Amino acid sequence: MDFFGTGSPTASPSGLPLAPPLKRQRSKFKTSSLVALKAADITWRVSGPYWRSPLAAPGLLGAEIASWAAFAPSMLPRPWTSTAMGTFFAQVSGHVMGVAAGYGMRHTDRWLRRSPLGRALAPSMTTRRVTSAVVHTAMTATTVGLWIRSVYQQKNIAQLVGYDELASARAQFGGTALATVGYLTTRGLTATAELAYDQLNGLFSRYLPNLPRGIAPAAAGAIVGGVIALSTNKLLIRRVVERVVRNAEQVNMRVMPGRTQPWEPQRSGSPWSMEPWIALGAQGRNFVADGPRARDIAAVTGCEPHEAFEPIRLYAGKVQGRSLKNQVELVIREMHRTGAFRRSHIILHTTTGTGWIAPWGATAAEFLTRGDCAQIGIQYSHLPSPIALIADQETAPTAGREMFNRLERELALLPEGERPKLIVAGESLGAFGGQGAFKNPREMLEKVDGAVWSGTPRITLTWKQVVNRRKPGSPEIAPVIDDGKNIRFATQPSELWSSLTGEPFGEWEQPRVAYLQHASDPIVWFDTPLFFRRPDWLREKLGRDVIRSMRWWPVVTAWQVLVDCLVSVHVADGHGHRYEEEAIPAWAAVLGFEFSEDNKSAAGVKFSRIARWMRRNHPTLK
């Protein structure tokens, strides 16, 4: 008798209990085994079909082919970290493109198999397996061969840029292995996400069968995607950003080794200054503490001690609660306090993200003018330049524009014949921000007496406008603008006087603007279109310090150049993103001093003596 209303007997005629209903057994088996079956299915798809048909694992094939492009040379020698990052990004990108291509190829293959011709020409299973083995063996051999070739290419690149420590087989092998492990880990996480999606989709369909069509997969995708995004944001992105910001704040509070508070009244941070030493920030303290004094200038230039001026260096740090406008006004007050408007040259530096000012240019200007100059700058951020540029592309140009416009108004109050020459300068993000003070190149030439821009990022609007006006046939790495009348580009100092092809320029008229940019500087040449379009600098003849075998690959080349940015200063001077000794002749030319016949000295000062003093006395170069 069924006392529970189930409609089935609970015991046999002999009194023994009956087995559970068969329907319940199936449901229990299906639920408990779903995870194992799904895992087995994923394993079969990842490993088994790869050896059965090249079309079965297009993602793996795409990742392997993309690795070939990742092994191709780029601008700079790669340490293991750069190799790992570049190869990983290439493999992931190749996997995505391979999956997309495989989707279309599988549909085409199915259509052919259903057609009479396709069935007639269909190869046997043995033929497929042999073909697959041959294809994968050839691809493996190609991968190994290209990797070995890349090791030798890295050594050649290292020789071109004067640095060979980064180019080693061990670094290449370790980086490639780490990238492959990262790629396979990513595939595993992707498979886990797919499993979670299928589980949720099945649950929605089973327990909410009345949902409109398409709602269940959309809801499952939203939940899985939301969990992934939230986890990535909280566990990775937010923690990394917080750590970078925290480290930047701590570094900004330090007093770097070899620096002490200046005692000259002509410098911010001194006891006579309105800007306290502690408020300058780390890079501001470096700027006012470093550089030659009047006695150093007299010793290097050979002039009489009374002929050398005490250089003026003024700076305003980024302090909580102080606006950009307050910083600008503080610098103007400091200029009046120190008599900066009575000097022959005022040099406005736009700083990088951390507030850094290129020391070589600042030092060269003081030696060449015998100290008769005032150099100023303000700090608008304390983040490293790459982070500052990603987080905010408006603050740097705003800082350059605010300081320049305020200084221009102040100079307009002086009698026309008594105004000092105004020179603007910046390196890297400082060049991006400094050129943001002008709407176009014409306005820059109208408002300044000279400019020195080093390592200008390609995203800079003024730089783009200038380069687009280049003489037909002149290369993008060293464009010729109006036959060098006012603006000149140089990948090395000799190109200040002649083009890359050796054609001499005519007279360099005032105002003079010098763009220093190395052919091997990834910060100059990286931009977003590099992912999908070959730039002019890779269509034309490559620079002297770029390997001839560098080629453009969609997506991959952009990743390589982007990763090169991380090690762009770990090379010799005159390459990558290092603009040091070559800044001396550039500043001499822009300041308008007469050069010697061999172009190795100006204003009676040998460039080698300035460089030697710099390397002996600058704390970071000792």
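The values are calculated or read from the model by the stated rules, or taken from the named source; none is laboratory data. Here the structure is a predicted model, which means the values were calculated and not measured. Positions of Cβ are generated from backbone atoms using ideal geometry, with glycine treated the same way; all protein chains shown enter the neighbour counts. Accessible surface areas use protein heavy atoms only, side chains included; no ligands, DNA or RNA. Shrake-Rupley method; radii C 1.70, N 1.55, O 1.52, S 1.80 Å.
Calculate for the chain the 222 nm mean residue ellipticity that helices alone would give, adding -39,500 (n - 2.57) per DSSP H run of length 4 or more and normalising by residue count, nearest 500 deg cm²/dmol. Before the final figure, lay out each step's value.
Details: 23 runs with 316 residues, N = 622.
Here the helix-only value at 222 nm equals -16500 deg cm²/dmol.
Annotation for region 305-379: trypsin sites (Lys or Arg not before Pro) lying in DSSP loop with at most 14 further Cβ atoms inside 10 Å of their Cβ are R322.
Please report the orientation-averaged projected area of region 515-577, defined via the convex hull of its C-alpha atoms, in nm².
On the way: hull surface 17.0 nm².
Averaged projected area of region 515-577's Cα convex hull equals 4.2 nm².
Listed cross-link partners K325/K439; K541/K606; K421/K541; K447/K541; K421/K471; K155/K606 are compared with a 27 Å cut-off, the Cα-Cα value being larger for K541/K606; K421/K541; K447/K541; K421/K471; K155/K606. Here region 464-622 has an Rg and Dmax of 16.9, 51 Å, counting Cα atoms alone. For K464, the aspartates and glutamates whose Cα comes closer than 17 Å to its Cα, not counting residues fewer than 8 places off in the same chain, are E427, E443, E476, D482, D521, D527, D536. P(r) tail for the chain: Cα pairs beyond 37 Å make up 50% of the total.
Backbone N atoms of region 362-397 closer than 11 Å to the 7 Å Cα→Cβ label point of V245 are not found in any residue.
When the dipole is taken about the Cα centre of the chain, and only Lys, Arg (+1) and Asp, Glu (-1) are charged at their Cβ, what size is it in debye, to the nearest 20?
On the way: 73 positive and 52 negative charges, 671 e Å.
The dipole magnitude comes to about 3220 debye.
Can you find, among G339, P77, T462, the residue sitting farthest towards the positive end of the charge dipole of the chain, where Lys and Arg contribute +1 and Asp and Glu -1 at Cβ? Farthest along the dipole direction, towards plus: P77.
How large is the dipole of region 302-430 about the Cα centre if only Lys and Arg carry +1 and Asp and Glu carry -1, each at its Cβ, rounded to the nearest 20 debye?
On the way: 14 positive and 15 negative charges, 64 e Å.
Value, rounded to 20: 300 debye.
Tell me the carbon and sulfur percent of the accessible area for the chain, rounded to whole percent, probe radius 1.4 Å.
Values: 18970 of 31680 Å².
The C+S portion of the solvent-accessible surface of the chain is 60 percent.
Based on alpha carbons, the Rg and Dmax found for region 310-385 are 12.7, 38 Å. Accessible surface for region 280-372, divided over its residues, is 33 Å² per residue with a 1.4 Å probe. Work through the residues other than A101 whose Cβ is under 14 Å from its Cβ and net out their charges, Lys, Arg +1 and Asp, Glu -1. Net local charge, A101 excluded: -1.
Within region 60-104, which residues have the backbone N less than 17 Å from the label spot 7 Å out from T185 along Cα→beta-carbon, could you tell me? Counting backbone N atoms under 17 Å from the label point, the list is 80-93.
Zone of R539 (label point 7 Å along Cα→Cβ, backbone N under 16 Å): which residues in region 554-578? Flagged as within label range: 554.
Each label point was placed 7 Å from the Cα along the Cα-to-Cβ direction; for M105 and R442 their separation is 5.4 nm. Between region 330-377 and region 437-512, how far is it from one alpha carbon centroid to the other, in angstrom? So the separation of the two Cα centres works out to 23 Å.
A crude spin-label estimate for the pair A603 and Q320, with each label 7 Å from Cα along the Cβ direction, gives 4.2 nm. Say R0 is 35 Å: what FRET efficiency, to the nearest 0.05, do R342 and R259 get from their beta-carbon distance? So, using R0 = 35 Å, E works out to roughly 0.80. Here is the size of region 191-247 from its Cα atoms: Rg then Dmax, 16.0, 54 Å. Near the amide H of A374, within less than 5 Å, lie the amide hydrogens of H345, I346, I347, all on another chain or at least 5 residues away, with H placed in the peptide plane. Distances between every pair of Cα atoms in region 219-366, grouped in 10 Å steps from 0 to the bin holding the largest one, split as 10, 32, 27, 13, 9, 6, 3, 1, 0 percent. Three principal axis extents describe the C-alpha atoms of region 284-328; from largest down they are 46, 17, 10 Å.
Test of the criteria: in region 140-227, which trypsin sites (Lys or Arg not before Pro) are in a DSSP loop and have at most 16 other Cβ atoms within 10 angstrom of their Cβ? Passing both the DSSP loop test and the Cβ count: R213.
Relative intensity of region 315-470 on a log10 scale, I(q)/I(0) at q = 0.18 Å⁻¹, equals -1.10, per a Debye sum over C-alpha point scatterers of equal strength in the absence of solvent. Loop-located chymotrypsin sites (Phe, Trp or Tyr not before Pro) across region 305-385 with a Cβ neighbour count of 14 or fewer within 10 Å are lacking, with loop assigned by DSSP. Taking the DSSP beta bridges with both ends in the chain, the antiparallel portion is around 15 percent.
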